Structures are given as C-alpha cells and as structure tokens.
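Rule-based calculations on the coordinates, nothing more; no lab input. Since this is a predicted model, take the numbers as computed values, not measurements.
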C-alpha cells in the first residue's frame, strides 16, 4: 500500500480518545511500516512493524538483529514491543509545532525504518537453523 501522508492526532491521556488533529504530513517511502501515531501530551508515539507476517523463528531473529543504534543517533527513543504478532517497535520523540520541522523528522524516521527493515530481512537470510 502506498502512503502519501501521515496524520498526527492528540490522544487524551485519561480517556484514550483522539481529541485533536495536530497536522498532516506528506511522507515518502517507509511510512507503510507505521501502524499508529499519536501525541500523548508529552511525546509523539509511533508504532512500526515488519509490515508482513513473519514465521516464529523470524520473530526472534528480527528482534536480535535489528539495528536500533541509528535511531538513537538521530535522537529517536526506541523500544521493542513484545506483545504484538509481528516484531514491533515504539519510537518516541518531541513534538514540534513548526510543520517543516515535523515533516523533516517524520521523513527522516520513515527513511530509517525502511532502510533498517530491508537490512534486517537481508541479515536473517540463512539463519533459520540458528533460531528454530
């Protein structure tokens, strides 16, 4: 599925309901990995996964070999989310009211996600026996 934009919504901490649209951002490739995005009043929260169902051995291999260091270098907080069907990560970073700054951050993130998803799928090839 091709994406042209991501919409950032504000989530009410007490009710969990989306209460306000903060912006719409035109993004490039990589956005297809993003499953949800919202602002919680403190940070932007973005969940992304593999965008494909994976086998049980791939689940462990992907988490083991996914390189989170570039995300950290780009000042994105990243953590694994263990309770999803496919390998999933949560990214957190500060909200910027300036549209162009947010657009740049989101496009940078989408590029990182796509680059490192492609890399991890390449890195796990041939490792099935290690993870079974």
Subject >> Acute angle (nearest 10 degrees) that the helix 56-65 long axis makes with the longest principal axis of the chain, alpha-carbon atoms >> reply: 70
**OP:** Would you mind calculating the relative contact order of region 5-131 from Cα pairs under 8 angstrom and at least 6 residues apart, reporting the percent as a whole number?
**Re:** 26
Subject >> nm² value of the averaged projected area, convex hull over the Cα atoms of region 5-131 >> reply: 7.9
Original post:
Once you have the alpha carbon radius of gyration of region 82-132, what is it after dividing by 2.2 N^0.38 Å, with N set to its residue count?
Top reply: 1.58
**OP:** Could you tell me how many degrees, from 0 to 90 and to the nearest 10, lie between the Cα long axis of helix 99-123 and the main elongation axis, the longest principal axis, of the Cα atoms of the chain?
**Re:** 10
Subject >> Whole-Å distance, taken between Cα centres, linking region 74-129 and region 7-37 >> reply: 15
Subject >> Antiparallel DSSP beta bridges within the chain, percent to nearest 5 >> reply: 90
